[in-house]
Amino acid sequence: MRPALLVLALCGLSLPALADDVTAPKLPTFAQEPQPLPTSASPWSGWHIGCEVFAFSGKGVKHGAGGGVFAGYDRELPSNFVIGFDVATGYSPFPFRYGPFRGFDYAATSVKVGYDMGRLMPYLTAGAVLARPTTAAGGYAGATEAATDLFDSSSRLQGAARVGAGFDYA
């Protein structure tokens, strides 16, 4: 019993071990600094192309189908303003029966200034349109023919300014 008391006495006199007293071997770390999550690109920035088809119908409308192609680029600035441009060409039918024309070959360009409000972007636009009235019975044959017919030597080319306002929703 004396040896057991001696062991207990020696254990009681010793100081407790602290975590700093033990040095563990350093293991290599494969962890990297946390990176910020990538922000998604603005839905309002980038190139866009497309086509459109439209029609007028009603009593006496002559050849009421038309269409065109368009392309453009928009860029969002750090201040949430969006600037861009668009170009388009095509054929638009004349909507009235007793008019002198069947429709118009057209080319248009415009600039746009908008403000990114999340999924909604209100904008203002301004531009110019060149149009040539068509009197032939043919009507719309294609966007490329509309562009070449526009500058035909026998053209009665007309110009006009256009302004507008609207909104895009993504």
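Just a few scattered comments:
- Heavy atoms of residue 110 accessible to a 1.4 Å probe, total area in Å² rounded to 10: 10
- With a simple spin-label model that places each label point 7 Å from the Cα along the Cα-to-Cβ direction, the separation between residue 128 and residue 101 comes to 1.8 nm.
- Charge tally around residue 84: other residues with Cβ under 15 Å, Lys/Arg +1 each, Asp/Glu -1 each, net -3.
- Of the residues 167, 94, 81, the one with the largest accessible area comes first in the ranking 167, 81, 94, computed with a 1.4 Å probe on protein heavy atoms.
- The residue 81 and residue 161 beta-carbon pair, evaluated with R₀ = 25 Å, returns a calculated FRET efficiency of approximately 0.65.
The values are calculated or read from the model by the stated rules, or taken from the named source; none is laboratory data. In this text, all values refer to a predicted model and were calculated from it rather than measured experimentally. For neighbour counting, all protein chains shown are included, and Cβ atoms are generated from backbone atoms with ideal geometry for every residue, glycine included. These area figures cover heavy atoms from the full protein model, side chains too; ligands, DNA and RNA do not enter into them. Shrake-Rupley method; radii C 1.70, N 1.55, O 1.52, S 1.80 Å.
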